[in-house]
Amino acid sequence: MNSFTEKAVEVLSAIPAGRVASYGQVASLAGNPRSARQVVRILHSMSAKYKLPWHRVVNAKGDIVIGDPDTALLQRQLLKEEGVEVDLGGRVDMQKYRWESDGDWMLF
């Protein structure tokens, strides 16, 4: 696993229940703010193996952007179970639920 991937996995693992982060936010915290698409690939390929909280990641506007309707519905349900409100359009209020990292989770 390359350095960015390792850091992204650490960041993703640190997102607490009841909070969300954007793909770009994860990329920035992992050291490369221009790698939001890489975060998508990491989530797609490594969520099960590393038990990543994939459902806590949305786009910068707070939208659930997963193309598969069943998986998007699952994401909504998982977020709601954690107390995160998702509106009828599939959007999370980023001002209210965005994870503000204090850096304490950093292991690198």
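The values are calculated or read from the model by the stated rules, or taken from the named source; none is laboratory data. If you're wondering where the values come from, they're calculated on a predicted model, not measured in any experiment. Here Cβ is always computed from backbone atoms with ideal geometry, including for glycine, and neighbour counts include all displayed protein chains. Ligands, DNA and RNA are stripped out before the accessible areas are found, and what is left, the full protein with its side chains, is counted by its heavy atoms. Shrake-Rupley method; radii C 1.70, N 1.55, O 1.52, S 1.80 Å.
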In deg cm²/dmol, rounded to the nearest 500, the helical mean residue ellipticity at 222 nm of the chain, built from -39500 (n - 2.57) for every DSSP H run of length 4 or more, is -14000 deg cm²/dmol
Excluding residues fewer than 8 positions from LYS51 in its own chain, the aspartates and glutamates with Cα under 17 Å of it are GLU6, GLU10, GLU82
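Are there GluC sites (Glu not before Pro) in region 5-108 that DSSP puts in a loop and that have at most 16 other Cβ atoms within 10 Å, and which ones?
On the way: sites: GLU6, GLU10, GLU81, GLU82, GLU85, GLU100; in loops: GLU82, GLU85, GLU100.
In loop regions of region 5-108 (DSSP not H, G, I, E or B), the sparsely surrounded GluC sites (Glu not before Pro) are GLU82, GLU85, GLU100.
Might you tell me the accessible area per residue for the chain, computed with a 1.4 Å probe and given in Å²? Don't jump to the answer; show the numbers that get you there.
Working: 6400 Å² over 108 residues.
Result: 59 Å² of accessible area for each residue.
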Here, trypsin sites (Lys or Arg not before Pro) of region 12-87 satisfying both criteria (DSSP loop; at most 16 other Cβ within 10 Å) are ARG34, LYS51, LYS61
A 1.4 Å probe over the protein heavy atoms gives the chain a carbon and sulfur accessible-area percentage of 50
